[in-house]
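In what follows, a structure is listed as structure tokens, so that the remarks can point back to it.
What follows is calculated from the coordinates using simple rules that are stated; it is not laboratory data. Keep in mind that what you see is a predicted model, and the values were worked out from it rather than measured. Every residue, glycine as well, gets a Cβ built from its backbone with ideal geometry; the counts of neighbours run over all protein chains shown.
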Amino acid sequence: MEYSGGDIIAKVLKSHGVQHLFTLCGGHISPILVGSKKIGIKIVDVRSEVHAVFAADAVSRMTGVPGVAAVTAGPGVTNTITALKNAQMAQSPLVVLGGAAATIIKGRGSLQDIDQISLVKSCVKAALTINRNCDIIPVMEQAFQTAQTGVPGPVFVECPIDLLYSEKLVRDWYGSAAGKPGWKSLKSKFFQLYLNHHVDRMFACDLDTVEPEPQEVKLPPLKKNKIEKAAQLIQKAKKPVLVIGSQAMLRPGETGKLASAVLKIGIPVYLTGMARGLLGASGSIQMRHKRRGALKNADLVMIAGMPCDFRLGYGRAINAKATFISINRSKRDLALNRKPDLRIQTDPSLFLCSLSEKGGSKKNKWEPWIHKLQHNDEKREEEIVKLSEEKTDFVNPILFLKKLDRFLAEESLIVADGGDFVATSSYILRPRTPLSWLDPGVFGTLGVGAGFAMGAKLSKPDSEVWLIYGDGAAGYSLQEFDTCVRHHIPIIAVVGNDAGWAQVARDQVEVLKDDVATNLNRTDYHRIVEGFGGKGFQIDQEDQIIPTLEEARNIVKDGMPVLINLLIGKTDFRKGSISM
């Protein structure tokens, strides 16, 4: 049997444990799709290439196996840029395969032929090109290795169309003109010799018997003296705080061990980004509110898996006199905006697990500090309850989110895509298990929702996936409900419909006294989803909440996606919350 280049790429994907290939069809990549389907990789074709990459991103975060998307040349590749940059900044390991013009006509003005490598270079860890069939396996192996090593990130692989088909067919293509009238001139014969030589070089290797060999991905080294030093500093602290970021979740198979380690260390902890849910919905040392106050009063702050960027006030949110310990895979992020007293360049999860082995919890020593933080947490919860009781137009969004939080099943997975409504939900919804909260990350990208939700549901088919949309963000990906219907991906989306870009409007109207470009209609988003074959509901009264949630839960059990159009009023819950 003669394998095509597409077959060989599929074999590499299979050898790395890839189960889903996200795509939007295109002639440049057809052999990859056909070859992958042939060996049991599920092809999930979406309605926009950006969502193929978002879905691949979600798979990588949920499973630890790099997600893979295949897109056609030119516009197919340019449509992925936002998702590639989001994955790069979120440190998600994934591989994007991009179709390309045939090797012999590259740069000669063929259909959809652009300089893709230069275009994507700033958005990926590496941009690679397959030039010969001999390169297919080494380049693909390099892509997977690079995506996962050190600070993870996306890798782009350019796949010329003539290297994806079988050698026999390509030789037929390049030799097909030889029998045409006028092809017997000396010039034409020389050109045919050139074509033959080019094809000989393209197919210099016999790949029919070659098998891919995935390489072990090595984690950054962990130095014992750093563990000892950190343990000593922690023992001296009276008011320590631990902040865990998304990078600590890069080893999905080790999240249970990480959770046990954090509890054993015993430092009051704030979980951010993908780390939400690591310790369940609640816990004795897990704090959810008033983080800024805790950081200002702490005498030791340990940041595991995130830099001192805008989320930490560029380091100014941390007490200037506090001992600062930074753990990160990235050398740059270790000291971004603030120089740590102890910098540890390694995997944060690996470090925390090793640190926990140095001894048990010092919670008795820290008990007054923990009680103070718990008291602050409780006070904020009381404030949220009072805000949920206020009357607003339609449904109070805080009230809805409180009810949804109580309704969520233990294995629920929450995807966050939006501004004001989603930010409010981050204060109220409590992820139940590790890797049960999925947001875009530091780039703050709107539009990740449907792609993330599809990737999450396919990775965790037994989990209820709840997509929390802002009404602005929903406009980026509602068309993917067509994909969910065709591929039987049952997710539940909730659109917080306040008819505007509320997060922007809050400060724009307050400071500039103008709401220009911040208003939307209270669109019937549920009807749009029904047009794609899903099920839609609208909630505009409090008494509709629980019956609608229950009906949505029953419908997704039958494999149909659901969208709830939640008409909400405005609150002052996040007044003055602009990020810069």
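The P(r) of the stretch 402-518 has a tail past 18 Å containing 51 percent of all C-alpha pairs.
With the highest mean first, a sort of the peptides 119-125, 406-412 on other beta-carbon atoms found within 10 angstrom per residue produces 119-125, 406-412. Sorting 140-149, 231-240, 466-475 by their mean Cβ neighbour count within 10 Å, with the most densely packed peptide first, gives 466-475, 140-149, 231-240.
Charges only on Cβ, +1 for Lys and Arg, -1 for Asp and Glu: so what's the dipole of the stretch 5-168 about the Cα centre, in debye to the nearest 20? Before the final figure, lay out each step's value.
On the way: 14 positive and 11 negative charges, 46 e Å.
Rounded to the nearest 20 debye, it is 220 debye.
For Lys358, the aspartates and glutamates whose Cα comes closer than 16 Å to its Cα, not counting residues fewer than 8 places off in the same chain, are Glu228. Annotation for the stretch 326-391: GluC sites (Glu not before Pro) lying in DSSP loop with at most 13 further Cβ atoms inside 10 Å of their Cβ are Glu357, Glu389, Glu390.
Kindly provide the helix-only [θ] at 222 nm of the chain, computed as the sum of -39,500 (n - 2.57) over DSSP H runs of four or more divided by all residues, to the nearest 500 deg cm²/dmol?
-11500 deg cm²/dmol
The packing ranking of peptides 444-454, 52-62, highest mean first, is 52-62, 444-454, where packing means the average number of other beta carbon atoms within 10 angstrom of each residue. Each of Val385, Val395, His20 was placed along the dipole of the chain (beta-carbon charges, centred on the mean Cα), and the one lying farthest toward the positive end is Val385.
Only Lys, Arg, Asp and Glu carry charge here, each on its Cβ (+1 for the first two, -1 for the last two); on that basis the chain has a dipole of about 2420 debye about its Cα centre.
What is the chain's relative contact order, in percent, from Cα pairs under 8 angstrom and six or more apart in sequence?
Numbers: 1227 pairs, mean separation 72.6, N = 580.
Relative CO of the chain lands at 13 percent.
Placing unit charges on the Cβ atoms only, positive for Lys and Arg and negative for Asp and Glu, gives the stretch 389-567 a dipole magnitude near 460 debye about its Cα centre. For the stretch 224-373, the average shadow cast by the Cα convex hull is 7.6 nm², which is a quarter of the hull's surface.
With an 8 Å cut-off on Cα pairs and a minimum separation of 6 or more residues, tell me the relative contact order of the stretch 1-121 in percent.
Values: 206 pairs, mean separation 28.6, N = 121.
Rounded, it is 24 percent for the stretch 1-121.
Mind jotting down the distance between the C-alpha centroids of the stretch 361-410 and the stretch 115-178, whole Å? Centre-to-centre (Cα) distance: 50 Å.
In whole percent, what relative contact order does the stretch 224-373 give with Cα contacts below 8 Å and a gap of six or more residues?
On the way: 267 pairs, mean separation 45.5, N = 150.
Once normalised by length, the contact order is 30 percent.
Alpha carbon centre of the stretch 422-461 versus the stretch 241-317: separation in Å? Here the answer is 18 Å between Cα centres.
Going through the stretch 482-525, which trypsin sites (Lys or Arg not before Pro) have at most 13 other Cβ atoms within 10 Å and a DSSP loop state? Please report the intermediate quantities before stating the final value.
On the way: sites: Arg486, Arg506, Lys513, Arg522; in loops: Lys513, Arg522.
Taking the stretch 482-525 and a limit of 13 other Cβ atoms within 10 Å, the loop trypsin sites (Lys or Arg not before Pro) found are Lys513.
Here the average projected area of the convex hull drawn through the C-alpha atoms of the chain stands at 29.5 nm².
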